[in-house]
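The values are calculated or read from the model by the stated rules, or taken from the named source; none is laboratory data. Quantities reported herein were computed from a predicted structural model and do not represent experimental measurements. Cβ coordinates were reconstructed from backbone atoms using ideal geometry, including for glycine residues, and neighbour counts include every protein chain displayed.
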Amino acid sequence: MYEFIKGFVAELTPTYVVIDTGGIGYAVHISLQTYGHIGQTQQVQLWLHHIVREDAEQLYGFFDKEEREVFRLLVSVSGVGPNTARMVLSSLSSTEVRHAIQHDDLQRLQGIKGIGMKTAQRIVVDLKDRIGKTLLSSTAGAPLPKAIHEEAMAALIMLGFAKVPAEKVIRSLIRENTLYTAEQLIKAALKRL
């Protein structure tokens with residue numbers, strides 16, 4: 001129904017953005033890939049996927065059409081909902097997802113929260129032939145370390161991780177590398193949780 005949305009960024013978190021267009025704020029769910037592309041941008045255009053359910057309407061936004069296409073392919077797989085698909089695209093780029101599917105890399109898919117062996121197998125079996133036929137193509141500046149830490153924690157909690165284990169992982173990662181952007185820190189934490 002909706003193809004894209006263009007407007008000013010009123011609020012930005014690692015899991016959603018509020019876009020002000022024509023005086024109306026639209027809450028749009030995003031992946032970490034899209035979050036990284038938006039960065040400090042004040043005006044943005046996102047490609048949309050609209051989901052209508054009995055109890056809710058949700059918009060999922062993507063910085064490019066390829067990421068949206070991979071999202072649509074993922075949600076077409078039985079057992080993969082929009083939040084799981086978003087988690088996949090927050091952990092891996094759309095190119096990495098394509099590569100994992102095309103090369104039967106079940107371990108890479110299983111490393112993502114919410115993806116077990118059966119779901120990983122189903123994704124590969126259902127999408128292997130279709131993934132190659134779709135569109136092919138393929139950060140933000142670093143704020144203060146405390147802001148990065150808080151942003152990463154908020155994102156992980158919104159994605160469903162418990163606070164204490166997430167905090168331990170983030171502190172450990174920051175000790176190893178103090179030059180993480182928020183997006184990089186969240187991705188690294190997702191691989192360890």
The stretch 120-134, residues that are over 21 Å from Met87 (Cα atoms) and at pLDDT below 60
Lys133
Picking from Ala166, Ala155, which residue would you name as being under 20 Å from Phe63 (Cβ atoms), within 19 Å of the chain's Cα centre (by Cα) and at pLDDT 80 or above?
Ala155
Need pairs with beta-carbon distance below 8 Å; first residue of a type in the set (D, E, K, R) and within the stretch 49-64, second assigned to a strand (DSSP E or B) and loosely packed, with under 15 Cβ neighbours inside 10 Å; sequence gap 6+ or separate chains.
Glu57/His50; Glu57/Ile51
Test Ser76 against the criterion of being under 16 Å from Val97 (Cα atoms), surrounded by 15 or more Cβ atoms within 10 Å (Cβ to Cβ) and not aliphatic (A, V, I, L, M), and give yes or no.
no
So is Lys113 farther than 14 Å from Ser31 by Cβ and either at pLDDT 95 or above or of a type in the set (Lys, Arg) (or both) or not?
no
So, Ile51, is that one exposed (fewer than 13 other Cβ atoms within 10 Å of the Cβ) and aliphatic (A, V, I, L, M) or not?
no
Which numbered condition Gly61 fails, given (1) in a helix (DSSP H, G or I); (2) of a type outside the set (A, V, I, L, M); (3) surrounded by 20 or more Cβ atoms within 10 Å (Cβ to Cβ):
(1)
If you go through Ser31, Ser94, the only one that is surrounded by 20 or more Cβ atoms within 10 Å (Cβ to Cβ) and closer than 17 Å to Leu159 by Cα is Ser31
